[in-house]
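What follows is one structure encoded as structure tokens, with my remarks underneath.
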Amino acid sequence: MRYSFMLFFLVFLAIIGSAAFYMASRTAFVFGCGRWWFFAGYFILAFVSLAAMMVVRKLYPTLHPFLVILSTLVGVLLYMLIIMLLTDAVNIFAHFSPKKYGLIVAISTILISVYGILNTSFPRLKTVEIDIPKLTKPVQIAQLSDVHIGHFRGERNLRRLVQIVNQTEAQMVVITGDMFESFYNLNHETLRPLADLKVPVFFVSGNHDMYVDVDSVKQLMRDAGVNVLENSMMECCGIQIVGLDYMRPDDHTPDHMHAGVGIRTIENTLPNIALDSTKPTILLHHNPVGAEYAEKADIDLYLAGHTHGGQLFPVTLLNDRIFNFNRGLYRQGNLQIYTSEGSGTFGPPMRIGTQSEVTLIKLK
């Protein structure tokens with residue numbers, strides 16, 4: 001385990017170093033000076049920003065202004081790198097002057113970063129129609145996922161999501177994990193907008209809730225009037241709603257998001273929940289894994305989040321290879337799976353190639 005981490009860390013440093021060297025070379029071309037100070041600056045900035053995004057933002061709420069800036073810089077540097085690569089490809093034929101090259105990169109990076117931030121600031125209502133043969137009457141469900149309350153999102157953002165839900169005719173709301181991502185804004189006041197939801201609300205925890213303090217998150221949700229499902233089932237609108245804590249699909253499938261090992265899995269937990277196979281059943285689990293076990297348990301619909309759909313291009317392309325159910329609606333045998341892109345973000349507060357969504361699921 002220790003050697004695997006060391007190898008990962010060395011590869012991580014090599015990637016950052018290579019990107020920093022390339023960006024430093026192109027910046028030196030624009031300003032007509034040496035590259036090594038630029039290299040040191042880019043490398044340190046990228047390393048510190050990624051560390052802040054991955055670790056520090058969860059643990060040190062007092063560093064809020066710095067964490068906001070550094071997490072945003074991760075996205076800015078990513079698109080600055082991509083734009084430099086694209087501009088160099090065009091420059092083979094166009095032969096830009098250093099000044100023109102610099103202006104193209106700077107303006108393009110600013111425009112794409114601003115678009116990415118605005119794109120995630122205004123969640124859209126996405127409507128999905130799904131046939132459930134066991135259903136005796138139509139039911140509408142609003143799904144929220146990956147709200148990621150923390151340094152970038154709080155009460156105001158949650159109120160906007162609640163307003164979108166209340167404009168629908170949803171008969172219940174399900175929240176499929178990652179309500180919080182930091183100790184910042186981890187309080188009762190942040191969740192006050194949930195009181196404006198006039199229908200039953202169900203919640204299952206995600207990996208980021210676990211990173212923060214899953215017991216505190218669950219208690220805050222209960223105090224807000226939410227039904228917290230912990231490997232249990234409740235009925236609503238004639239539908240069995242099964243909710244699982246964040247867990248691995250089985251004992252032999254690796255999970256890099258720190259799901260418990262050798263404890264509960266979807267494979268060994270679902271059979272212990274008493275279900276009526278004649279009634280329609282919906283499974284809530286944060287990560288869209290273990291579909292084969294959900295199908296075996298006669299689940300009709302599996303609702304999840306976690307993936308963000310990749311959130312940022314070109315990560316979206318990578319996600320399509322990593323996750324069998326990356327975003328949208330899928331079918332596996334008699335089971336249907338819907339993976340929400342989520343309403344929040346992880347890391348940079350940007351979305352390029354995806355959108356922040358509140359999902360209205362119309363069951364027929």
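Below is a table of values for the structure above.
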| read-out | value |
| --- | --- |
| Extreme residue, modelled with the lowest pLDDT, among residues of segment 239-276 that are small (Gly, Ala, Ser) and under 19 Å from LEU303 (Cβ atoms) | ALA259 |
| Residue match in segment 94-101 (condition: surrounded by 18 or more Cβ atoms within 10 Å (Cβ to Cβ), among the small types (Gly, Ala, Ser) and out of contact with any Cys (no Cβ under 6 Å at 6 or more places or on another chain)) | no |
| Among the candidates ILE361, ILE352, residue that is of a type in the set (A, V, I, L, M), in contact with a Gly (Cβ under 9 Å, 6 or more places away or on another chain) and buried (at least 17 other Cβ atoms within 10 Å of the Cβ) | ILE352 |
| First in segment 204-215 and in contact (Cβ under 8 Å) with a residue 24 or more places away in the chain, second anywhere and assigned to a helix (DSSP H, G or I), Cβ under 7 Å, 6 or more apart | SER205/VAL214; SER205/VAL217; SER205/LYS218; ASP209/VAL217; TYR211/LYS58; VAL212/LYS58 |
| Residue check for THR190: buried (at least 21 other Cβ atoms within 10 Å of the Cβ) and of a type in the set (Ser, Thr, Tyr) | yes |
| Selection count, segment 157-184, where residues are touching a Gly at 6+ places or on another chain (Cβ under 7 Å) and either without any contact (Cβ under 8 Å) to a residue 40 or more places away in the chain or not in a loop (DSSP other than H, G, I, E, B) (or both) | 2 |
| Single residue of ILE104, ILE141 found to be within 30 Å of PRO280 (Cβ to Cβ) and at pLDDT 95 or above | ILE141 |
| Residues that are touching a Lys or Arg at 6+ places or on another chain (Cβ under 8 Å) and farther than 20 Å from LEU73 by Cβ, drawn from segment 88-114 | ASP88, TYR101 |
| Residue among LEU360, LEU312, LEU318 that alone is of a type in the set (A, V, I, L, M, F, W, C) and farther than 25 Å from SER71 by Cβ | LEU360 |
| Set VAL162, VAL114, VAL105, VAL128: member being within 19 Å of the chain's Cα centre (by Cα) and either of a type outside the set (Ser, Thr, Tyr) or assigned by TED's automatic domain parsing to the domain that holds GLU341 (or both) | VAL162 |
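Residue-wise test of (1) farther than 26 Å from LEU63 by Cα; (2) modelled with pLDDT of 90 or more.
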residue	(1), (2)
MET1	yes, no
PHE5	yes, no
THR27	yes, yes
ILE44	no, yes
PHE47	no, no
MET53	no, no
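Rundown of residues vs (1) farther than 12 Å from PRO288 by Cα; (2) outside any strand (DSSP E or B), yes/no style:
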| position | (1), (2) |
| --- | --- |
| ASP320 | yes, yes |
| PHE325 | no, yes |
| TYR338 | no, no |
| GLY344 | yes, yes |
| PRO349 | yes, yes |
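The values are calculated or read from the model by the stated rules, or taken from the named source; none is laboratory data. These numbers come from a predicted model, not from an experiment. Positions of Cβ are backbone-derived with ideal geometry, glycine not excepted, and every protein chain shown enters the neighbour counts.
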